[in-house]
Amino acid sequence: MTTATDHAVHVRDKIYIDGEWVQSTGTGVLEVINSTTEQVMGSIPEGTVEDVDKAVAAARSAFESWSQTSIEERADWMQRIAEALGARMDEIAELIAQEVGMPVKLANLIQAGLPTATFGSMPKVMAELPWEEELGNSLIVREPVGVVGAITPWNYPLHQIAAKVAPALAAGCTVVLKPSQVAPLNAVLLADVLDELGLPAGVFNLVTGRGSVIGEALALHPDVDMISFTGSTAAGRRVSEAAAGTIKRVALELGGKSPNVILEDADLQQAIRDGVSKCFLNSGQTCSALTRMLVPRSRLAEAEQIAATVAEHFKPGDPFEPGTTLGPLVSEGQRKQVRDYIRKGTDEGAKLLTGGVEPPEGLERGYFVRPTVFSEVTPEMTIAQEEIFGPVLAIMPYEDENDAVRIANDTVYGLAGGVWSGDQEHAKQVALRIRTGQVEINGGAFNPLAPFGGYKQSGYGRELGRFGLEEFLQVKSLQL
Ligand code: NAD
């Protein structure tokens, strides 16, 4: 059996610019930590502003020809990239299971499966898009935005990269990618794949390093036409300020505090089982996690009992052990943040049903946190308002449906949500009152072609499918 300790150390000492692996102009190195063993599992160059300048120049120069390639040619590239990623799914899953800590079987499905599917979805999406249309005496054409700076986080690292790089390249844009320094090795693997396939030089460039240096330089750069950012609301705000100086287009996919509204007539068992799992997916490190479970006060006791039982069934452990259903958190910092929130929940008067700040039994090494459920959480509590990004569920009782909708909308975020009811039409009516970019009804499955993105401070812009492709296009009208 493979365990998290059995893996090779990945030392990558180059960045990818203009179709070649080159040395950074700096000498800094950033270590990558295995979240289960707390050991160094690899390293990457700490890129510099000069590296960004070179990468942007390469992307700018490549844009001239890449933007003129035919839709069919780019669709063919998307298909080839999907196939190449598909052939390396196990490797991708194992890498991300070590970097992030998601159980490897699930990582195969999600962390490796989704990015492969995103590239694979592009040919059909491209074929269906009206690239040209007539409007009176005008011909409306859709053209690529230009050079795209893509800045991505660590929680679904390759998925978030693919959600930007695939549609950007499909649109005819060229890209400089700055992946999270916490989980960057999967981005290096993608660059390997594109290099081996022989993607034209400069179309895709990778500069690793810190957000405050590389991300900031991309956002400020006069030759970058668009920044597509996924990450925290604080960093997104900064990126948007930096980008304003050169009037760049900006797309922001930020945090969330998503409500799961369980209505009076819902199947409580099914709703809570599904809701707890959605909250704990990837150890709660999911921007669209349903972290606030709203239940009718009349059914609170029943709901508490079911939620605690479901949570206690989660088995924390090594992501490579077959029985593990909950991996560690990504880092020491993340674990500290989550434990602080658990303490705050108790201090502010929430009722701890299960879990807590102590590490799970027998797991003193690795950034593990117990699956934790609070009840009697009220909207003014910190754990009802702030993104915890750990396996911590807040059960919030409500009095009636209007109260439920009010609580659901009572945060600065607006990324996702859920509604459960025995009557689908009733659930839909409630879903339409929730101010978030997506709402799943009775556990409706994630649709990788549906637009994904936020309302309010969860950001703007949409990813995936047709809407994701349109994000990287601009329209021109020719008057005939
Ligand atoms: P983060 O904001 O710290 O980092 C995200 C990326 O931005 C990293 O590559 C980082 O290096 C870079 N960055 C940091 N500061 C920057 C700056 N000043 N200028 C430019 N770039 C900068 O977030 P994280 O810790 O990597 O990820 C977790 C956060 O991301 C959570 O808040 C989560 O909700 C959010 N998230 C949102 C979505 C979504 O689609 N809405 C998806 C995943 C994660």
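The values are calculated or read from the model by the stated rules, or taken from the named source; none is laboratory data. This one's a predicted model, so the numbers in the text were calculated from it and none came from an experiment. Cβ atoms come from the backbone with ideal geometry, glycine included; neighbour counts cover every protein chain shown. All accessible areas refer to the heavy atoms of the entire protein, side chains included, with ligands and DNA or RNA removed. Shrake-Rupley method; radii C 1.70, N 1.55, O 1.52, S 1.80 Å.
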**Prompt:** Roughly to the nearest percent, how much of the accessible area of segment 37-114 is carbon and sulfur, given a 1.4 Å probe?
**Reply:** 52 percent
**Asked** Carbon-plus-sulfur fraction of the accessible area of segment 259-447, 1.4 Å probe, in percent?
**Response** 48 percent
**Prompt:** Relative to the present Cα-Cα distance, how much length would full extension add between residue 127 and residue 195 at 0.36 nm per residue of separation?
**Reply:** 21.9 nm
**Asked** Using a basic spin-label model with each label point 7 Å from the Cα along Cα→Cβ, how many nm lie between residue 378 and residue 352?
**Response** 2.1 nm
**Complete:** Here the residues of segment 390-429 lying in the modelled label zone of residue 325, meaning backbone nitrogen under 13 Å from a point 7 Å along Cα-to-Cβ, are none
**Request:** Choose one of 246, 268, 117: the residue whose Cα lies farthest towards the positive end of the charge dipole of the chain (beta-carbon charges +1 Lys, Arg; -1 Asp, Glu; about the Cα centre).
**Result:** 246
**Prompt:** Applying 1/(1 + (r/R0)^6) with R0 = 25 Å to the Cβ-Cβ distance of residue 269 and residue 232, what FRET efficiency is obtained, to the nearest 0.05?
**Reply:** 0.10
**Request:** Please state, rounded to one decimal and in Å, the Kirkwood hydrodynamic radius that the chain gives when every pair of distinct Cα atoms enters the mean of 1/r.
**Result:** 22.9 Å
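Hey, could you grab the Kirkwood Rh for segment 279-387? Inverse mean 1/r over distinct alpha carbon pairs, Å, one decimal.
Averaging 1/r across every pair of different Cα atoms and inverting gives 14.5 Å.
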**Relative contact order for segment 370-428, counting Cα pairs under 8 Å that sit 6 or more residues apart, in percent** = 29 percent
**Request:** Averaging over all projection directions, find the projected area of the Cα convex hull of segment 92-158 and quote it in nm² with one decimal place.
**Result:** 6.3 nm²
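With all pairs of different alpha carbon atoms counted, what Kirkwood hydrodynamic radius in Å does segment 259-447 show?
16.4 Å
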**Asked** What is segment 259-447's relative contact order, in percent, from Cα pairs under 8 angstrom and six or more apart in sequence?
**Response** 27 percent
**Item:** segment 376-431: GluC sites (Glu not before Pro) in DSSP loop, at most 14 other beta carbons within 10 Å
**Value:** 380, 399
**Contour minus Cα-Cα distance for residue 138 and residue 425 (0.36 nm per residue)** = 99.2 nm
**Fill in**
Rounded to whole Å², per residue accessible area for the chain with a 1.4 Å probe reads 39 Å²
**Item:** Segment residue 399-residue 20, length gained on full extension (0.36 nm per residue, minus Cα span)
**Value:** 130.3 nm
**Message:** As a test question: what accessible area, to the nearest 10 Å², does residue 180 have when a 1.4 Å probe is rolled over all protein chains in place?
**Reply:** 10 Å²
**Fill in**
With the 8 Å Cα cutoff and a minimum separation of six or more residues, the chain has a relative contact order in percent of 18 percent
